[in-house]
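Below is one structure; the comments refer to it alone.
The values are calculated or read from the model by the stated rules, or taken from the named source; none is laboratory data. For clarity, every value in this text was computed on a predicted model and none was experimentally measured. Quick reminder, even Gly has a Cβ in these numbers, built from the backbone with ideal geometry, and neighbours come from all protein chains shown.
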Amino acid sequence: MFKYTIQTIFRIHNGKQQILRNMTSLAKLDAPIAPQKPHKVAFGKVENENRGENPFFPLRYRDDPWFWLRDDTRKNEDILDHLRKENAYTEEKTKHLTKFQKKLYDEHISHLKETDERPPYPYGQYYYYTKTVKGLSYKMHCRKTALSLEELATAAEETILDENKIAEGHKQCVIKGVKPSPDHTFLAYSVDFKGDETYTVKLLNLQNGEYCKDVVEGVAGGIQWGKDNNTFFYLSQDKAKRPYKLWKHIVGTEQKDDICYYTEEDEVFWFGLGKSKDGRYLFPGSGSSETSEIRFIDLHAEETKLVVIQPREFGLRYDVEHREGMLFIWTNMNDAINNRLMVTSIDKPGKEHWKEIIPYDSTRKIDEVEVFKNFIVIQGRQDGLTQIWTMGLNEDSTVNPQSFKKIQFKEEMYECAISTNKVYDTNFIRTYYSSLTTPDQWEDYNFNDGTFKLVKQKECLNFDSSLYVCKRLFAKANDGTQIPMSMVHRKTTKVDGGNTPTMLYAYGSYGICIDPCFHRMILPYLDRGMVYVIAHIRGGGEMGRYWYEEQGKYLNKRNTFSDFINCAEHLVESKVTNPDKLSIEGRSAGGLLMGAVLNMRPDLFKIAVAGVPFVDCVNTMCDPSIPLTTGEWEEWGNPNESKYFDYMLSYSPYDNVREQPYPNILITSGLYDPRVAYWEPAKWASKLRTMKTDNNDVLVKMDLDVGHFSASDRYKYIREKSFEQSIVMDYLGIVDEDCKDDDAKL
């Protein structure tokens with residue numbers, strides 16, 4: 001268990017040797033490797049079902065000697081002891097960075113305006129907003145009565161929910177779905193104290209500040225109110241944490257009396273719940289990666305009745321909003337991979353009645369549509385960036401195509417979005433904007449004259465945007481495709497000498513985009529002469545739905561990994577950096593990316609950070625009892641089917657660890673993570689240490705109190721990021737001189 005060494009440490013200072021410390025019998029922890037135990041994992045089906053060209057395998061088995069690290073209860077003491085050893089080893093290996101971590105933490109705090117508030121938005125007779133207070137870890141939800149933004153400064157503040165009080169006595173506290181009732185006299189919220197994404201709904205009477213007796217447990221997120229404060233609707237989960245049942249709760253009654261209105265039986269589909277801006281309709285919807293089926297409930301009707309808008313057809317996706325008896329629908333119907341905008345009467349909701357509003361443009365992707373009294377707003381993508389378009393409406397919901405226009409923003413690279421807009425009859429749109437060099441800002445855009453009015457510029461303290469520069473690069477993929485990258489660094493940083501410390505970040509799955517928005521947390525990198533690069537690889541949706549659907553999933557998934565490698569190679573070939581100065585990072589499916597590229601090109605990187613990494617793809621995806629698995633079959637494929645088994649096995653990080661040198665690796669995870677179970681990174685670490693042929697480090701930081709999204713406490717989160725960044729910069733050789741602690745380094 002322990003190695004004992006005798007060593008004398010010397011330091012050269014002003015030409016003289018100074019003996020700093022004689023260490024005898026210095027205990028040094030070995031990297032923990034979980035023992036191997038024989039175990040057979042089943043793949044396929046008992047019977048070879050007829051699935052066209054994709055028959056299931058007959059039942060067969062594969063060996064997994066670290067399978068025993070899986071414990072669904074998270075209570076096995078042998079496993080917990082192994083995880084504690086992982087943490088102890090990492091703590092020992094990084095204790096020389098304690099002073100540097102503290103400096104990074106203080107630096108992060110120096111940029112943070114600890115007492116701050118989000119821009120208030122009008123809703124009913126109130127302006128609602130959240131705020132943070134220096135020294136407090138969680139948000140406070142507030143409101144004021146005012147007629148305009150100008151009156152807010154002198155209006156009395158009402159704190160309607162203090163998350164800090166709710167979090168007292170808990171190591172983790174995630175609050176979601178904070179919603180006032182339609183008449184603003186009640187407040188519903190959901191809370192999760194473990195990080196496993198199963199919530200309990202509670203109800204507050206805002207008139208007297210007291211809790212109602214209503215407590216609804218086992219909820220998949222937030223709620224949607226009915227037409228008044230007497231009812232709300234919510235979703236519950238199955239054993240695999242799939243939202244699948246729709247319930248109606250009557251305020252003042254017990255949960256056992258709630259009414260179930262719908263059960264989604266297809267295990268590939270998840271159930272969701274939305275509400276129209278005018279508050280009249282609920283939109284319960286079933287959805288998979290490929291297919292949608294949405295219903296509506298008229299809250300003004302005497303009877304709660306679910307009406308299907310368009311029955312599910314494999315491959316047909318759509319989403320909806322309502323205005324004055326008309327449904328606005330954005331859909332991929334008729335080969336519109338990036339979605340077209342349609343309209344129909346709510347009395348004739350089926351697709352045979354859908355009529356296109358504007359001609360389909362394959363270069364423009366429609367993601368969201370907000371409907372107001374006199375106009376609509378479309379949020380989407382074009383030219384690799386987020387965009388916002390507006391278009392005027394007539395009373396009968398017809399449109400003037402000539403009124404369709406794109407809102408123009410001032411920088412070449414940025415992220416924009418529709419912010420919170422609760423007012424239906426208005427000429428203003430609340431927008432959000434930021435870039436790699438511009439902190440978050442919210443503006444009200446006037447639809448009538450196209451002007452902006454600044455509502456809130458988020459302050460990043462001790463930051464001067466003029467000191468930084470960002471630009472777009474392109475790497476050539478193996479098949480010739482141009483892969484965009486967004487790069488930011490200090491203007492004084494030399495980026496053409498081939499020796500610049502660099503962080504390359506990417507995600508690359510589910511069509512999710514990593515846009516070039518402001519990242520306050522990367523400033524310690526930039527201010528120490530690092531270059532930060534985002535690789536917009538296939539599998540994400542930065543260049544439209546085809547970038548994901550046709551180029552980065554199923555049997556094209558390996559494009560994601562080769563694209564990332566091509567981006568790294570481009571940074572080396574263009575003399576930005578070299579493999580000894582190149583760090584990489586990805587989380588969740590981005591952790592899968594890390595594991596895959598480390599197997600493929602371990603020589604290209606110095607240090608990799610893999611957060612909550614999805615690395616045991618084949619084992620996890622063959623088991624429908626594991627959360628997320630069944631819905632993921634339309635992302636990666638089902639390895640129980642012959643069509644996908646071999647392909648997935650070719651890139652699954654855990655299955656492809658081999659006898660070769662690997663760079664340094666930091667793995668972070670959470671015990672209660674329902675999305676990527678803790679045992680995936682735990683198994684991966686032990687296999688890496690068993691097989692790799694180098695002396696580089698594999699470090700595991702397993703938080704025993706949280707889930708997938710790390711710490712809910714904002715100060716703890718900053719400490720975690722400081723810890724990770726200190727390790728990255730240590731391996732890159734750029735730890736601040738005043739923080740170097742050679743005495744503590746083993």
Quick check on my filter: what residues within region 220-251 are part of a loop (DSSP other than H, G, I, E, B), closer than 19 Å to L628 by Cβ and touching a strand residue (DSSP E or B) at 6+ places or on another chain (Cβ under 8 Å)? A220, G221, D238, R242
Quick one: is C173 touching a Lys or Arg at 6+ places or on another chain (Cβ under 9 Å) and buried (at least 18 other Cβ atoms within 10 Å of the Cβ)? no
Any chance you could count how many residues in region 85-99 are within 28 Å of the chain's Cα centre (by Cα), touching a residue at least 60 places away in the same chain (Cβ under 8 Å) and farther than 15 Å from W679 by Cβ? 3
Going residue by residue through region 483-491, is there one that turns out to be over 25 Å from the mean Cα position of the chain (by Cα), free of Cβ contacts under 8 Å to residues at least 40 places away in the same chain, part of a loop (DSSP other than H, G, I, E, B) and surrounded by fewer than 19 Cβ atoms within 10 Å (Cβ to Cβ)? yes
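Per-residue answers, yes or no, for (1) modelled with pLDDT of 95 or more; (2) more than 25 Å from the chain's Cα centre (by Cα); (3) surrounded by fewer than 23 Cβ atoms within 10 Å (Cβ to Cβ):
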site: P613; (1), (2), (3): yes, no, no
site: P624; (1), (2), (3): no, no, yes
site: T629; (1), (2), (3): no, no, yes
site: E641; (1), (2), (3): no, yes, yes
Filter region 429-452 for residues that are free of Cβ contacts under 8 Å to residues at least 24 places away in the same chain and either assigned to a strand (DSSP E or B) or polar (S, T, N, Q) (or both); which is nearest to Y123 (Cα to Cα)? D444
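Yes/no per residue for (1) farther than 25 Å from E114 by Cα; (2) among the polar types (S, T, N, Q); (3) not in a strand (DSSP E or B):
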{"position": "K456", "(1), (2), (3)": "no, no, no"}
{"position": "A475", "(1), (2), (3)": "yes, no, no"}
{"position": "V495", "(1), (2), (3)": "yes, no, yes"}
{"position": "L504", "(1), (2), (3)": "yes, no, no"}
{"position": "S509", "(1), (2), (3)": "yes, yes, yes"}
Give me the residue from region 619-631 that is touching a residue at least 60 places away in the same chain (Cβ under 8 Å) and not in a loop (DSSP other than H, G, I, E, B) and, out of that set, farthest from W547 (Cα to Cα). N619
Got a number for residues in region 642-670 being out of contact with any strand residue (DSSP E or B) (no Cβ under 6 Å at 6 or more places or on another chain) and either outside any loop (DSSP other than H, G, I, E, B) or charged (D, E, K, R) (or both)? 15
What about D515, is it touching an Asp or Glu at 6+ places or on another chain (Cβ under 6 Å) and either aromatic (F, W, Y) or in contact (Cβ under 8 Å) with a residue 24 or more places away in the chain (or both)? yes
Within region 134-168, take every residue that is of a type in the set (V, I, T) and in a helix (DSSP H, G or I) and give me the one that is surrounded by the fewest Cβ atoms within 10 Å (Cβ to Cβ). T154
Counting only residues in region 103-126 that are free of Cβ contacts under 8 Å to residues at least 40 places away in the same chain, touching a Ser or Thr at 6+ places or on another chain (Cβ under 8 Å) and farther than 23 Å from D444 by Cα, the one surrounded by the most Cβ atoms within 10 Å (Cβ to Cβ) is identified as E114
Would you please name the residue that is surrounded by the fewest Cβ atoms within 10 Å (Cβ to Cβ), looking only at residues in region 252-277 that are within 27 Å of the chain's Cα centre (by Cα) and among the basic types (K, R)? K277
Qualifying residue in region 498-511 (condition: over 26 Å from F723 (Cα atoms), among the small types (G, A, S) and surrounded by fewer than 22 Cβ atoms within 10 Å (Cβ to Cβ)): yes
Across (1) at pLDDT 95 or above; (2) surrounded by fewer than 17 Cβ atoms within 10 Å (Cβ to Cβ); (3) on the phi < 0 side of the Ramachandran plot, N334 clears everything bar (3)
